[in-house]
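Participant: Let me give you the structure first, and then I'll get to my questions.
Here, each number is a calculation from the coordinates, and none is a lab measurement. Fair warning: this is a prediction, and the values are worked out from it, not measured in the lab. Backbone-built Cβ (ideal geometry, glycine too); neighbour counts: all protein chains shown.
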Amino acid sequence: ARALPAWRDLLPKERATILHKWNALIMANQDALGALISLEQGKPLAEGRGEVAYGASYVAWFADEATRIYGDIIPQQQRGKRMTAVKEPIGIVAAITPWNFPLAMIARKIAPALAAGCTVVAKPAEDTPLTASALVLLAHEAGVPAGVLNLITASRDHAVATVADWLEDSRVRKITFTGSTPVGKYLARESAGTLKKLSLELGGNAPFIVFDDADLDAAVTGLLAAKFRNGGQTCVCPNRVYVQAGVYDKFADMLSRRVAELKVAPATDPDAQIGPMINIRALDKIARHVDDALAHGARVLAGGKRLPELGPHYYAPTVLADATHEMLLCGEETFGPVVPLFRFDDEAEAVEAANNTPFGLASYFYSQDVRRIDRVSRALQAGIVGINEGALASEAAPFGGVKESGYGREGSKYGLDDYLSIKYLCQGNLA
């Protein structure tokens, strides 16, 4: 709180200069940070290095956006009065980040907050505190003043008490959270007493639709990129894959062949494509979903088993045919390398099934029919829609969901607004 006035009152270009230095330091340490991510969180080395660049892109983006916080002059309504609207930093921000992208997610929250002139207290996931600590150390080295960016690491039990204190503290004006929908709902309820502003990026249950006019090679490649990044441990990865009946068997064969070729290995293996899952709880959920699907009639086309010879945290990338909506993996987010293939007959059926979930973060579909592309992109209930594309994330695009996937947007020009408040100024007696 004591650091807020001085940071808020810096010129935007002064804050931007510090953020650009931070970005440069992150990229100068890309190899070391990427290796740390792989060791701590389990994604392959190439993905760890990629996450560093991805996280740094948000720092660079919002460094530039810091100098573009514009207000408005309101057209005169009465003689002798001048009305303007200005944007000001909202104040102290509490950021709660997940383990699956331990650098990118915290950068995506901290960078816009600092660019706006806010001060931040951040709590990384208890599974991945080291990456966040390294990132904050580099921010301080870049010139972020003491007290402006603060980090709290804690066990799960102590984290609950820490967050409860933030929820009650009227000095904390905003909470930004990425995580589960139940926790997001808890934060929304408990912050009501002080009417904090919230950004919530919550759970997903993303559909991936393959129509019979799709380029199947492109659809398989797009699904591999979307689903198996970070071993399927992403909030936007496809959880339900709907394939039109006329191409179902061909697509299933093409996909299962590609999935069977994916190399599962320790994250530090240079050739690894799938690393370990984050913990045993994650493995148990994946196995439970696969076992339930098999009990309800699914068939294994690839994988379908743990890999104890590699260690306790490994699961084979899996393709399941004949998935149905009675299965757990249809209603729950698996958060692992499992692709269930659902069969559908027509467009209306696919869209209805895709939207039949309380969540609405991301959706994907593949088609070469321009009219269908227009219809389906408008019909899908999601904050993000991939059209013939499996890689959606960009610092220049707004990231966020609808329905029970949360509210608020991160990245893009819209991402700064969540850290600003609008003040209306009316100056009279000017005639």
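Participant: Output wanted: per-residue J couplings in Hz (rounded whole) for segment 104-116, from phi through Karplus 6.51 cos²θ - 1.76 cosθ + 1.60, θ = phi - 60°, x for Gly and Pro.
Facilitator: 5, 5, 6, 5, 5, 9, 5, 4, x, 5, 5, 4, 6
Participant: Here's another thing I want to ask about it. Of K43/K285; K123/K423; K109/K197; K21/K196; K185/K403; K250/K285, which pairs sit farther than 24 Å apart, going by alpha carbon to alpha carbon?
Facilitator: Beyond 24 Å: K123/K423; K21/K196; K250/K285.
Participant: To continue, here is another question. What GluC sites (Glu not before Pro) in segment 340-426 are in a loop by DSSP, with at most 15 other Cβ atoms within 10 Å of the Cβ? Mind dumping the intermediate values first?
Facilitator: Details: sites: E347, E349, E352, E389, E395, E404, E410; in loops: E389, E395, E404.
Within segment 340-426, the qualifying GluC sites (Glu not before Pro) (loop, at most 15 other Cβ atoms within 10 Å) are E389.
Participant: What net charge is computed for the residues neighbouring P124, neighbours being all others with C-beta under 11 Å from the C-beta of P124, Lys and Arg scored +1, Asp and Glu -1?
Facilitator: So the surrounding residues net to -1.
Participant: Now a separate question. Below 8 Å between Cα atoms, with a sequence gap of 6+, how large is the relative contact order for the chain in percent?
Facilitator: 19
Participant: Mind sorting out which of [x] 26.3; [y] 22.8; [z] 20.6 is the real mean projected area of the Cα convex hull in nm² computed from the coordinates?
Facilitator: Derived directly from the coordinates: [y].
Participant: Pairing the Cα long axis of helix 370-379 with the longest principal axis of the chain, what angle in degrees results, from 0 to 90 and rounded to the nearest 10?
Facilitator: Value to nearest ten degrees: 60.
Participant: Averaging sequence separations of C-alpha pairs under 8 Å and six or more residues apart, then dividing by the length of segment 206-387, give the relative contact order as a whole percent. Please report the intermediate quantities before stating the final value.
Facilitator: Details: 349 pairs, mean separation 52.0, N = 182.
Worked out over segment 206-387, it gives 29 percent.
Participant: Okay, next question. Which trypsin sites (Lys or Arg not before Pro) does segment 1-101 hold that lie in a coil by DSSP with at most 10 other beta carbons within 10 Å?
Facilitator: Here the sparse-neighbourhood loop sites are R2, R79.
Participant: For the pair T221 and S394, what calculated FRET efficiency results from E = 1/(1 + (r/R0)^6), where r is the Cβ-Cβ distance and R0 = 25 Å, to the nearest 0.05?
Facilitator: After rounding, the FRET efficiency stands at 0.85.
Participant: Okay, moving on. State the antiparallel share, in %, of DSSP beta bridges confined to segment 206-387, rounding to the nearest 5.
Facilitator: Taking every DSSP beta bridge with both residues in segment 206-387, the antiparallel ones total about 15 percent.
Participant: Shifting gears a bit: May I ask for the Kirkwood hydrodynamic radius of segment 246-384, worked out over all distinct Cα pairs and given in angstroms to one decimal?
Facilitator: 16.5
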